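Asks: Here's a structure for you.
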Amino acid sequence: MRILSKDAGRFEGKKVELFGWIHRLREMGSKKFAVIRDAAGTIQVVIPADACPGKLDVEASVIVRGTVKKDERAPTGYEVHADSVEVIGESSPDWPFHRYISVEMQLDYRHLWVRSTKMQQTMKVKHTMLSGMWKWFEENSFWFVTPPIFVSSACEGGSTLFKVPYFDSTAYLSQSAQLYLETMIFSLEKVWSLTPSFRAEKSRTRRHVTEYWHLEAEAAMVDFEQNMQIQEDLLKAAIREVLDKRASEVAAFKTEDKLERWLKEKWPRISYDEAIEIVNRKGGSMKWGDDPGTDEERLIMSEFETPVFVTRWPRKIKAFYMKVADDPRVVLGADLLAPPVGEIIGGSEREWKLDLLLENMKMQGLKPEDYEWYLDLRRYGSVPHSGFGLGTERFLMTLLDLEHIRDATPFPRFINRVWP
């Protein structure tokens with residue numbers, strides 16, 4: 001009977017078969033002790049000298065046949081005493097991670113580093129995080145849609161667009177699906193998507209990549225305050241799913257207490273003006289109209305024990321599609337800051353009236369003719385609506401307190417790296 005490593009305890013004393021890869025290997029006398037890795041985890045296998053005629057090295061793929069025995073000295077409390085070990089694919093003895101593992105090595109050998117325990121645990125949490133959000137959207141009547149990646153114009157200005165040849169013309173890689181999601185609310189009312197987004201900004205920080213997975217949502221007849229509540233409810237649903245289904249992985253990163261606290265408490269909402277006061281009180285320097293950087297966000301977050309919404313931003317530093325507030329200097333936009341990363345969501349109520357949207361575009365030097373199809377949405381049955389975009393890798397960083405965004409994606413893309 002073939003089993004997964006995590007189920008070994010249910011088969012104590014029985015003959016089983018395991019398939020996996022040799023994660024670690026050591027010899028003691030005439031026996032070998034191998035830790036076998038499969039998709040479910042790891043288990044120790046005791047291999048007598050006569051049980052394996054093939055060559056065993058770290059990362060060889062094997063089929064193990066033997067008996068499950070309880071042993072508290074084993075890493076998982078159970079081990080398999082092998083009758084036979086069949087080598088499916090041999091592994092070279094020069095496996096690169098026998099020696100010191102630097103960050104550059106992890107990136108150069110990314111195709112192999114994804115086998116590491118840390119990456120395996122991280123990707124399982126990411127899967128469950130996304131699964132929890134999908135479930136929440138389904139339960140709250142949001143429709144999943146598939147916007148394009150090739151686009152003809154920018155969502156938030158052209159300076160960070162990747163330009164690509166497109167037959168006899170020029171196209172761009174999408175920075176955001178937002179404008180296309182807005183089109184879909186006129187038939188489906190509440191929609192969401194999960195797509196790759198591309199930013200050509202030459203940023204070298206621990207929270208920037210040039211390609212990331214962008215979760216975005218738009219909803220008709222949803223105002224500014226309701227939009228923030230949707231975001232909080234969605235992320236809490238993902239956190240709950242992760243804590244319920246990935247408890248052992250979260251425990252390995254020691255963030256379970258933090259996440260439980262985030263679930264129990266209401267996430268505060270402060271104004272941009274209040275954020276400035278916090279930054280300056282805590283020793284930073286920020287004046288009205290500044291766009292806070294990493295240091296300022298860190299000071300703001302240090303005031304709270306949960307993620308925090310910063311609301312009502314200066315109009316001049318936010319996108320043209322955000323609705324202007326009662327104070328014409330500010331917009332009904334909100335960024336969600338979450339430690340240790342900072343901004344993980346940007347959202348707003350959208351400007352839904354044609355004349356005001358044109359005014360915003362004029363202020364930002366945009367050409368209305370480049371957005372004619374988008375302006376049509378305001379000409380034919382426009383409606384108040386709101387939306388947001390979440391960087392899934394950044395959210396994963398907050399869940400597991402990851403030091404760098406490279407650890408939140410299998411194959412990170414930076415300004416100097418597009419391989420492997």
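The values are calculated or read from the model by the stated rules, or taken from the named source; none is laboratory data. Note that the structure is a prediction, hence the values are computed from the model and not measured. Note that we place each Cβ from the backbone using ideal geometry, even for glycine, and neighbour counts take in every protein chain shown.
Asks: In the stretch 1-46, how many are among the β-branched types (Val, Ile, Thr) and either assigned to a loop (DSSP other than H, G, I, E, B) or out of contact with any strand residue (DSSP E or B) (no Cβ under 9 Å at 6 or more places or on another chain) (or both)?
Replies: Result for the stretch 1-46: 1.
Asks: If you go through the stretch 167-180 one residue at a time, do you hit one that is touching a residue at least 60 places away in the same chain (Cβ under 8 Å), surrounded by 15 or more Cβ atoms within 10 Å (Cβ to Cβ) and touching a helix residue (DSSP H, G or I) at 6+ places or on another chain (Cβ under 8 Å)?
Replies: The answer is yes, given that some residue of the stretch 167-180 is touching a residue at least 60 places away in the same chain (Cβ under 8 Å), surrounded by 15 or more Cβ atoms within 10 Å (Cβ to Cβ) and touching a helix residue (DSSP H, G or I) at 6+ places or on another chain (Cβ under 8 Å).
Asks: Identify, from the list 146, 128, the residue that is surrounded by fewer than 12 Cβ atoms within 10 Å (Cβ to Cβ) and touching a residue at least 12 places away in the same chain (Cβ under 8 Å).
Replies: Answer to the check: 146.
Asks: Do the conditions hold for residue 190, that is, is it more than 26 Å from residue 351 (Cβ to Cβ) and either free of Cβ contacts under 8 Å to residues at least 12 places away in the same chain or not acidic (Asp, Glu) (or both)?
Replies: no
Asks: Here's a follow-up. Applying the selection to the stretch 347-361, what residues are surrounded by 22 or more Cβ atoms within 10 Å (Cβ to Cβ) and either in a loop (DSSP other than H, G, I, E, B) or of a type outside the set (A, V, I, L, M) (or both)?
Replies: 347, 348, 349, 350, 351
Asks: Same structure again: Could you check residue 226 against (1) among the polar types (S, T, N, Q); (2) part of a helix (DSSP H, G or I); (3) free of Cβ contacts under 8 Å to residues at least 24 places away in the same chain and say which number it fails?
Replies: (3)
Table: residues versus (1) closer than 21 Å to residue 115 by Cβ; (2) modelled with pLDDT under 95.
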residue: 25; (1), (2): yes, no
residue: 46; (1), (2): no, no
residue: 53; (1), (2): no, yes
residue: 65; (1), (2): no, no
residue: 82; (1), (2): no, no
residue: 97; (1), (2): yes, yes
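Asks: Taking only pairs six or more apart or across chains, which ones have beta-carbon atoms under 6 Å, a first residue in the stretch 284-309 that is of a type in the set (Val, Ile, Thr), and a second residue that is in a loop (DSSP other than H, G, I, E, B)?
Replies: 306/265; 306/267; 308/268
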